[in-house]
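Remarks on the structure that follows.
The values are calculated or read from the model by the stated rules, or taken from the named source; none is laboratory data. This structure is a prediction, so every number in the text was calculated from the model and none was measured. Using ideal geometry, Cβ is built from the backbone for each residue, glycine included, and neighbour counts are taken over all protein chains shown.
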Amino acid sequence: MILRLHDVWKTYQESGGRERHALHGVSLSVASGTSVAVTGRSGSGKSTLLHLAAGIDEPTRGSVFLLDRELSRLSDRERTLERRNRVGLVFQFFHLLPHLSVIENVGLPGRIAGDPDRVWMPRAKALLARVGLDDRATDAVGQLSGGEMQRVALCRALLRRPALLLADEPTGNLDDENGRLVMDLLLSLARDEGAALVYVTHSADLAAMADERRHLVSGEWE
Ligand code: ADP
Ligand code: MG
(Lines give C-alpha, C1' and ligand atoms only; values in the text may rest on other atoms or scores of the structure.)
(Ligands and ions follow the chains in the order given, each with its own letter.)
Protein backbone atom coordinates (compact mmCIF):
# COMPACT_ATOMS: atom_id res chain seq x y z
CA MET A 1 0.00 0.00 0.00
CA ILE A 2 1.16 3.52 -0.78
CA LEU A 3 -1.17 5.20 1.73
CA ARG A 4 -2.77 3.72 4.82
CA LEU A 5 -4.90 5.59 7.33
CA HIS A 6 -5.77 3.56 10.40
CA ASP A 7 -8.59 4.69 12.70
CA VAL A 8 -7.72 8.35 12.24
CA TRP A 9 -9.29 11.08 14.35
CA LYS A 10 -8.84 14.81 13.99
CA THR A 11 -10.29 16.90 16.77
CA TYR A 12 -10.28 20.68 16.92
CA GLN A 13 -10.65 22.60 20.15
CA GLU A 14 -13.31 25.26 19.78
CA SER A 15 -13.49 28.42 21.82
CA GLY A 16 -15.23 27.58 25.08
CA GLY A 17 -13.35 24.28 25.28
CA ARG A 18 -15.78 22.24 23.18
CA GLU A 19 -14.34 19.67 20.81
CA ARG A 20 -15.17 19.37 17.14
CA HIS A 21 -14.34 16.06 15.48
CA ALA A 22 -13.42 16.84 11.88
CA LEU A 23 -12.68 13.12 11.39
CA HIS A 24 -13.57 10.24 13.64
CA GLY A 25 -12.29 6.77 13.14
CA VAL A 26 -11.49 6.94 9.43
CA SER A 27 -9.45 4.17 7.79
CA LEU A 28 -8.35 4.01 4.17
CA SER A 29 -5.84 2.06 2.06
CA VAL A 30 -4.76 3.07 -1.43
CA ALA A 31 -2.53 0.85 -3.58
CA SER A 32 -0.14 2.06 -6.23
CA GLY A 33 -1.78 2.76 -9.60
CA THR A 34 -5.27 2.93 -8.10
CA SER A 35 -7.62 5.83 -7.43
CA VAL A 36 -10.13 6.73 -4.73
CA ALA A 37 -12.73 9.49 -5.10
CA VAL A 38 -13.87 11.13 -1.86
CA THR A 39 -17.22 12.91 -1.79
CA GLY A 40 -19.14 14.59 1.02
CA ARG A 41 -20.82 17.86 1.90
CA SER A 42 -18.91 20.97 2.77
CA GLY A 43 -17.41 20.56 6.26
CA SER A 44 -17.55 16.74 6.19
CA GLY A 45 -13.76 16.45 6.60
CA LYS A 46 -12.52 15.93 3.03
CA SER A 47 -9.72 18.51 3.09
CA THR A 48 -8.72 17.43 6.59
CA LEU A 49 -8.33 13.88 5.28
CA LEU A 50 -6.04 15.03 2.45
CA HIS A 51 -3.99 17.24 4.79
CA LEU A 52 -3.38 14.28 7.10
CA ALA A 53 -2.46 12.04 4.15
CA ALA A 54 0.04 14.66 2.96
CA GLY A 55 1.55 15.09 6.42
CA ILE A 56 0.60 18.78 6.35
CA ASP A 57 -1.37 18.15 9.52
CA GLU A 58 -1.17 15.50 12.25
CA PRO A 59 -3.99 13.24 13.47
CA THR A 60 -5.22 13.63 17.06
CA ARG A 61 -5.46 9.85 17.22
CA GLY A 62 -4.71 6.95 14.89
CA SER A 63 -1.97 6.60 12.32
CA VAL A 64 -1.10 7.59 8.77
CA PHE A 65 1.40 5.46 6.88
CA LEU A 66 3.02 6.65 3.67
CA LEU A 67 4.95 3.77 2.07
CA ASP A 68 5.08 2.05 5.48
CA ARG A 69 6.57 5.05 7.28
CA GLU A 70 4.30 6.39 9.99
CA LEU A 71 4.19 10.14 9.45
CA SER A 72 3.59 11.12 13.09
CA ARG A 73 6.79 9.31 14.13
CA LEU A 74 8.88 11.55 11.88
CA SER A 75 10.33 14.93 12.80
CA ASP A 76 8.86 18.00 11.10
CA ARG A 77 11.91 18.12 8.85
CA GLU A 78 11.61 14.44 7.86
CA ARG A 79 7.89 14.85 7.24
CA THR A 80 8.52 17.82 4.97
CA LEU A 81 11.06 15.77 3.00
CA GLU A 82 8.65 12.83 2.74
CA ARG A 83 6.02 15.18 1.35
CA ARG A 84 8.41 16.74 -1.17
CA ASN A 85 9.72 13.38 -2.33
CA ARG A 86 6.59 11.27 -2.29
CA VAL A 87 3.48 13.44 -2.53
CA GLY A 88 2.06 15.57 -5.35
CA LEU A 89 -0.66 18.07 -4.50
CA VAL A 90 -3.33 19.62 -6.75
CA PHE A 91 -5.64 22.36 -5.44
CA GLN A 92 -8.92 23.89 -6.51
CA PHE A 93 -7.35 27.31 -7.14
CA PHE A 94 -4.18 25.98 -8.82
CA HIS A 95 -1.71 27.82 -6.50
CA LEU A 96 0.59 28.70 -9.39
CA LEU A 97 3.09 31.56 -9.20
CA PRO A 98 1.73 34.11 -11.71
CA HIS A 99 5.02 35.93 -12.33
CA LEU A 100 6.79 32.72 -13.41
CA SER A 101 6.52 31.04 -16.80
CA VAL A 102 4.67 27.78 -17.37
CA ILE A 103 7.81 25.64 -17.33
CA GLU A 104 9.22 27.47 -14.29
CA ASN A 105 6.02 26.66 -12.41
CA VAL A 106 6.24 23.00 -13.40
CA GLY A 107 9.93 22.89 -12.42
CA LEU A 108 9.51 24.55 -9.03
CA PRO A 109 9.42 21.35 -6.91
CA GLY A 110 12.61 20.21 -8.67
CA ARG A 111 14.38 23.48 -7.96
CA ILE A 112 13.23 23.51 -4.33
CA ALA A 113 14.59 19.97 -3.92
CA GLY A 114 17.89 21.02 -5.48
CA ASP A 115 17.54 18.90 -8.63
CA PRO A 116 19.76 20.17 -11.47
CA ASP A 117 18.09 21.70 -14.56
CA ARG A 118 19.18 18.74 -16.69
CA VAL A 119 17.05 16.50 -14.45
CA TRP A 120 13.84 18.48 -14.05
CA MET A 121 13.75 20.34 -17.39
CA PRO A 122 13.31 17.33 -19.73
CA ARG A 123 10.80 15.83 -17.33
CA ALA A 124 8.84 19.11 -17.21
CA LYS A 125 8.83 19.32 -21.02
CA ALA A 126 7.64 15.72 -21.37
CA LEU A 127 4.79 16.30 -18.91
CA LEU A 128 3.74 19.53 -20.66
CA ALA A 129 3.66 17.64 -23.96
CA ARG A 130 1.56 14.94 -22.32
CA VAL A 131 -1.10 17.51 -21.31
CA GLY A 132 -0.91 19.36 -24.65
CA LEU A 133 0.87 22.49 -23.41
CA ASP A 134 4.40 22.06 -24.82
CA ASP A 135 3.95 25.13 -27.04
CA ARG A 136 3.10 27.29 -23.97
CA ALA A 137 6.22 26.44 -21.93
CA THR A 138 7.72 29.96 -21.96
CA ASP A 139 4.43 31.88 -21.64
CA ALA A 140 3.60 33.66 -18.41
CA VAL A 141 1.30 31.33 -16.51
CA GLY A 142 -1.10 34.21 -15.82
CA GLN A 143 -2.05 34.29 -19.51
CA LEU A 144 -3.53 30.81 -19.43
CA SER A 145 -7.16 29.77 -19.05
CA GLY A 146 -8.31 28.01 -15.88
CA GLY A 147 -8.27 24.60 -17.53
CA GLU A 148 -4.75 25.21 -18.84
CA MET A 149 -3.59 26.39 -15.41
CA GLN A 150 -4.85 23.20 -13.80
CA ARG A 151 -3.01 21.12 -16.43
CA VAL A 152 0.18 23.04 -15.50
CA ALA A 153 -0.51 22.35 -11.82
CA LEU A 154 -0.93 18.67 -12.68
CA CYS A 155 2.50 18.60 -14.34
CA ARG A 156 4.03 20.35 -11.31
CA ALA A 157 2.47 17.78 -8.96
CA LEU A 158 3.89 14.90 -11.00
CA LEU A 159 7.32 16.38 -11.70
CA ARG A 160 9.24 14.41 -9.07
CA ARG A 161 7.34 11.15 -9.67
CA PRO A 162 5.38 11.11 -6.40
CA ALA A 163 4.06 7.80 -5.12
CA LEU A 164 0.92 9.57 -3.94
CA LEU A 165 -1.14 12.19 -5.73
CA LEU A 166 -3.72 14.17 -3.71
CA ALA A 167 -6.21 16.49 -5.40
CA ASP A 168 -8.67 18.65 -3.45
CA GLU A 169 -11.60 19.57 -5.73
CA PRO A 170 -9.27 19.87 -8.75
CA THR A 171 -12.17 20.66 -11.08
CA GLY A 172 -14.07 22.90 -8.63
CA ASN A 173 -13.09 26.05 -10.49
CA LEU A 174 -13.54 24.70 -14.03
CA ASP A 175 -16.49 24.33 -16.39
CA ASP A 176 -17.80 20.82 -17.13
CA GLU A 177 -15.78 20.32 -20.30
CA ASN A 178 -12.46 21.43 -18.79
CA GLY A 179 -13.22 19.58 -15.58
CA ARG A 180 -13.70 16.38 -17.51
CA LEU A 181 -10.47 16.94 -19.46
CA VAL A 182 -8.46 17.61 -16.29
CA MET A 183 -9.99 14.56 -14.60
CA ASP A 184 -9.16 12.34 -17.60
CA LEU A 185 -5.56 13.56 -17.50
CA LEU A 186 -5.28 13.23 -13.72
CA LEU A 187 -6.49 9.62 -13.80
CA SER A 188 -4.49 8.51 -16.83
CA LEU A 189 -1.27 10.19 -15.68
CA ALA A 190 -1.59 8.71 -12.18
CA ARG A 191 -2.19 5.26 -13.66
CA ASP A 192 0.70 5.55 -16.17
CA GLU A 193 3.06 6.69 -13.44
CA GLY A 194 1.88 4.04 -10.97
CA ALA A 195 0.93 6.70 -8.42
CA ALA A 196 -1.85 6.19 -5.90
CA LEU A 197 -4.48 8.90 -6.37
CA VAL A 198 -6.99 10.34 -3.90
CA TYR A 199 -9.23 13.11 -5.15
CA VAL A 200 -12.10 15.09 -3.71
CA THR A 201 -15.01 16.01 -5.93
CA HIS A 202 -18.60 17.19 -5.68
CA SER A 203 -19.51 15.59 -9.00
CA ALA A 204 -21.00 12.08 -9.02
CA ASP A 205 -19.91 11.73 -12.67
CA LEU A 206 -16.28 12.55 -11.84
CA ALA A 207 -16.36 10.31 -8.74
CA ALA A 208 -17.58 7.46 -10.94
CA MET A 209 -14.28 7.58 -12.87
CA ALA A 210 -12.26 6.36 -9.84
CA ASP A 211 -11.52 2.73 -9.01
CA GLU A 212 -13.17 3.24 -5.63
CA ARG A 213 -15.60 5.77 -4.13
CA ARG A 214 -15.91 6.78 -0.48
CA HIS A 215 -18.44 9.18 1.00
CA LEU A 216 -17.80 11.21 4.17
CA VAL A 217 -20.65 12.24 6.47
CA SER A 218 -19.63 14.43 9.42
CA GLY A 219 -16.13 12.97 9.56
CA GLU A 220 -17.07 9.32 9.12
CA TRP A 221 -17.37 7.03 6.12
CA GLU A 222 -20.99 6.46 5.22
P1 ADP B 1 -14.43 19.82 3.78
O2 ADP B 1 -13.12 19.88 3.06
O3 ADP B 1 -15.14 18.51 3.62
O4 ADP B 1 -15.33 20.97 3.44
P5 ADP B 1 -12.81 20.32 6.15
O6 ADP B 1 -11.94 19.12 6.23
O7 ADP B 1 -12.21 21.57 5.62
O8 ADP B 1 -14.16 19.94 5.35
O9 ADP B 1 -13.39 20.66 7.60
C10 ADP B 1 -14.00 19.66 8.43
C11 ADP B 1 -14.46 20.29 9.73
O12 ADP B 1 -13.35 20.68 10.51
C13 ADP B 1 -15.32 21.54 9.54
O14 ADP B 1 -16.32 21.53 10.52
C15 ADP B 1 -14.34 22.64 9.78
O16 ADP B 1 -15.00 23.80 10.25
C17 ADP B 1 -13.42 22.05 10.81
N18 ADP B 1 -12.05 22.62 10.74
C19 ADP B 1 -11.19 22.50 9.71
N20 ADP B 1 -10.02 23.12 9.97
C21 ADP B 1 -10.15 23.63 11.22
C22 ADP B 1 -9.29 24.38 12.10
N23 ADP B 1 -8.04 24.71 11.72
N24 ADP B 1 -9.77 24.74 13.31
C25 ADP B 1 -11.01 24.41 13.69
N26 ADP B 1 -11.86 23.70 12.94
C27 ADP B 1 -11.46 23.33 11.73
MG1 MG C 1 -12.46 21.14 1.56
> Quick check: is even one residue across the stretch 120-131 modelled with pLDDT of 95 or more and either closer than 17 Å to Thr171 by Cβ or polar (S, T, N, Q) (or both)?
Replying inline: yes
> Restricting the first residue to the stretch 171-193 and requiring it to be in a helix (DSSP H, G or I), which pairs with a second residue that is of a type in the set (D, E, K, R) meet a Cβ separation below 7 Å and a spacing of at least six or different chains?
Replying inline: Val182/Arg151; Leu185/Arg151; Leu189/Arg130; Glu193/Arg161
>> Checking the conditions here, which among Gly147, Gly88, Gly110 is assigned to a helix (DSSP H, G or I) and closer than 25 Å to Asn173 by Cβ?
In response: Gly147
>> Return the residues of the stretch 33-84 that are among the charged types (D, E, K, R), in contact with a Phe, Trp or Tyr (Cβ under 7 Å, 6 or more places away or on another chain) and surrounded by 17 or more Cβ atoms within 10 Å (Cβ to Cβ); say none if nothing qualifies.
In response: none
> List the pairs whose first member sits in the stretch 91-110 and is on the phi > 0 side of the Ramachandran plot, whose second member is assigned to a helix (DSSP H, G or I) and not aliphatic (A, V, I, L, M), and whose Cβ atoms are under 8 Å apart, counting only residues at least 6 apart or on separate chains?
Replying inline: Phe94/Gly146; Phe94/Gln150
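One line per residue, one yes/no per condition, for (1) surrounded by 15 or more Cβ atoms within 10 Å (Cβ to Cβ); (2) over 19 Å from Val106 (Cβ atoms); (3) away from ligand 2 (no atom under 16 Å from the Cβ):
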{"position": "Ala167", "(1), (2), (3)": "yes, no, no"}
{"position": "Asp176", "(1), (2), (3)": "no, yes, yes"}
{"position": "Leu185", "(1), (2), (3)": "yes, no, yes"}
{"position": "Ala190", "(1), (2), (3)": "yes, no, yes"}
{"position": "Gly194", "(1), (2), (3)": "no, yes, yes"}
{"position": "Leu197", "(1), (2), (3)": "yes, no, yes"}
{"position": "Val200", "(1), (2), (3)": "yes, yes, no"}
{"position": "Ala204", "(1), (2), (3)": "no, yes, yes"}
{"position": "Ala208", "(1), (2), (3)": "no, yes, yes"}
>> Residue under question is Arg77, and the condition is that it be under 26 Å from Met1 (Cα atoms), among the basic types (Lys, Arg) and without any contact (Cβ under 8 Å) to a residue 24 or more places away in the chain; does it hold?
In response: yes
>> Just to check your reading of the model, which residue among Leu52, Leu71, Leu66 is more than 14 Å from ligand 1 (Cβ to nearest atom) and touching a residue at least 40 places away in the same chain (Cβ under 8 Å)?
In response: Leu66
> Which one is farthest from ligand 1 (Cβ to nearest atom), of the residues in the stretch 194-222 that are in a strand (DSSP E or B) and within 28 Å of Ala124 (Cβ to Cβ)?
Replying inline: Ala196
> Among the residues of the stretch 2-20, is any surrounded by 14 or more Cβ atoms within 10 Å (Cβ to Cβ), within 11 Å of ligand 1 (Cβ to nearest atom) and at pLDDT 95 or above?
Replying inline: yes
